[in-house]
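We did not get these values from a lab; they are worked out from the coordinates using the rules stated. For clarity, every value in this text was computed on a predicted model and none was experimentally measured. With ideal geometry, Cβ positions are generated from the backbone for all residues, glycine too; neighbour counts draw on all protein chains shown.
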Amino acid sequence: MLYPTPELTGADFEVLGRVDEMRENLRHQVQANPAKWILGLRKFLTADAVAASNSIEGFRVSTIDVQDLMEGEKDVDVSDENREETLAYQRMMTYVQTLHDAPDFEYSKGLLNALHWMLQGHRHTRNKVAGQWRRGAVYVTDPSAPEIAAYTAPDVAEVPALMDDLMDWLNADYTDHPLIRAAMAHLHLVSIHPWPDGNGRMSRSLQTLMIAREGVLAPEFSSIEAWLGRSRNTWNYYDELQRRGSRYRPDQDVSSWIRFNLVAYHQQAQVVQSRVDRSATVWELLLPFVSKVGLDERVVSALHDVAVQRRLRRAHYEHAEGLSLQQAQRDLRDLVAAGLLEPVGRTRARYYTEGPSFPERVLEVARKPVTLTEPYPDALG
């Protein structure tokens, strides 16, 4: 038995309508803009989701370091464990992204176990299997008191039947809004806890996959994992899951879970929209600037990334512009000589930040924080 999908309130429908409107506007804006920064933003948002989802599980790597690891950088100052977890999650997320338009797609136990192997295969042992249902009991412990079980997952004997129920539910015809179904799928999977480890990340990834399959926006523009990974939201996420009780009890109202996810959808859409608007404005400001100072237009991408992401590596610029090693090095030397960039670190681990002559107006636009609105007015009181 799975949780029944609750009826939406009038307020829920209003929030959902605004989320749909924001996502539709964003879709048109992204599709209408072929600028190079769109590709860079896609990569950044993917890295942000990976960094955030891993941080919930205690693997803390900054978004920019995740992006460097994704691009094959070797000299990134992270632990071996964090490197492995980052790359494993990135590989799985990359596959999830490719499934957004896969023909003859079907949810299956085999698919979920394969995704779990991508995520946890490097940790596979006889007692802690990857890519297979767990073989024993599993508990979610209290972060501040590991001897206390905040949640005890269903008995191992119940897992196969519960996963059969979930597959039937995932593949059934439905009338609920896709975002609501995605939120419910997350709750179903994380509550069943079918694997010995990695259940949280798998559940968040399933939600991202279902949103991607909806087809409105590319998954990197749709995932709420980055929102969930912010510290306050992470604690609220834990609290919301704990509302379900210390054991699996699907015969309950989960309206608060739906409301929590609607807030996440709404505010993450605001964040992504602000990133798109900011990147577009920064790019437009930099184009006449580089022309005025006599630089090649291609260096706009380097300056844009420094402004928006706060640093740049040579390899990233080289790949973004399709340059040779020598061309990229020469451009960066010219930007340093002009005072626009400042090198930091040793040769192999070197990255660049803004120099003393970087246009202040661009930095002001790029780094102005966004103020998020609360979608439920009653929450403000």
statement: By Cβ neighbour count within 10 Å, fewest first, K368, K43, K36 rank K368, K36, K43
query: What dipole magnitude, in Debye to the nearest 20, does the chain give about its Cα centre under +1 on Lys/Arg Cβ and -1 on Asp/Glu Cβ?
result: 1100 debye
- line: The rounded separation in angstrom of the Cα centers of segment 311-368 and segment 171-230 is 37 Å
field: Residue-count net charge about L209 - beta-carbon cut-off 13 Å; Lys, Arg +1, Asp, Glu -1
entry: -1
task: Please list, or write none, the lysines whose alpha carbon is within less than 26 Å of the alpha carbon of K36, excluding same-chain residues fewer than 8 places away.
output: K74, K292, K368
- request: Would you compute, from DSSP H runs of 4+ residues alone, the mean residue ellipticity of the chain at 222 nm, taking -39500 (n - 2.57) per run and dividing by the full residue count, rounded to the nearest 500?
  value: -19000 deg cm²/dmol
query: Under a GNM of the chain (C-alpha, springs under 10 Å), which listed residue has the highest mean-square fluctuation: I38, I258, I211?
result: I38
field: Neighbour-limited loop hits for chymotrypsin sites (Phe, Trp or Tyr not before Pro), segment 70-142 (at most 10 other Cβ within 10 Å; DSSP other than H, G, I, E, B)
entry: none
task: Would you work out the relative contact order for segment 77-142, in percent, from Cα pairs under 8 angstrom that are 6 or more residues apart?
output: 28 percent
message: Tell me the angle of helix 199-214 to the major Cα principal axis of the chain, expressed in degrees between 0 and 90 and rounded to the nearest ten.
response: 70 degrees
- prompt: Ranked highest first by the average count of other Cβ atoms within 10 Å around their residues, in what order do 1-8, 56-63 fall?
  reply: 56-63, 1-8
query: In terms of Cα to Cα distance under 19 Å, which lysines are near enough to K128, apart from those fewer than 8 places away along the same chain?
result: K109
field: GluC sites (Glu not before Pro) lying in DSSP loop within segment 271-380, provided at most 16 other Cβ fall within 10 Å
entry: E297
message: Can you tell me the orientation of helix 159-171 relative to the chain, as the angle in degrees between its alpha-carbon axis and the longest Cα principal axis, to the nearest 10?
response: 60 degrees
- prompt: What ³J(HN,Hα) values, in whole Hz, does the Karplus curve 6.51 cos²θ - 1.76 cosθ + 1.60 give for segment 17-26 when θ = phi - 60°, with x put for Gly and Pro?
  reply: x, 5, 5, 4, 5, 5, 5, 5, 4, 5
task: Could you work out how far the C-alpha centroid of segment 264-306 sits from that of segment 41-109, in angstrom?
output: 23 Å
statement: Exposure proxy check on T46, T125: fewest-to-most Cβ neighbours within 10 Å is T125, T46
query: What is the set of long-range amide H partners of L341 at a cut-off below 5 Å, with H atoms built 1.01 Å from backbone N?
result: V336, G355
- prompt: Taking θ as phi - 60°, what are the ³J(HN,Hα) couplings along segment 73-85 by the Karplus curve (6.51, -1.76, 1.60), each to the nearest whole Hz, with x for Gly and Pro?
  reply: 5, 8, 8, 10, 7, 9, 5, 4, 5, 5, 4, 4, 5
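Test of understanding: what is the full-extension gain from D142 to D378, defined as 0.36 nm times their sequence separation minus their Cα-Cα distance?
Extending this stretch completely gives an extra 81.9 nm.
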query: Going 7 Å from the Cα of H124 toward and past its Cβ, which residues in segment 201-215 have a backbone nitrogen under 20 Å from where you end up?
result: 201-203
message: So for the chain, averaging the separation of alpha carbon pairs under 8 Å that are six or more residues apart and normalising by length, what relative contact order in percent results?
response: 20 percent
- request: When a/c is below 1.5 the answer is rounded, else prolate if a/b is larger than b/c, else oblate, so apply that to segment 1-135 with a ≥ b ≥ c taken from the square roots of the Cα gyration tensor eigenvalues.
  value: oblate
query: Which percentage, to the nearest 5, of the DSSP beta bridges contained in the chain is antiparallel?
result: 90 percent
statement: Note on segment 140-195: contact order normalised by length, alpha-carbon pairs under 8 Å, 6 or more apart, percent, works out to 37 percent
- request: Add +1 for every Lys or Arg and -1 for every Asp or Glu among the other residues with Cβ under 14 Å from the Cβ of F105, and state the total.
  value: -3
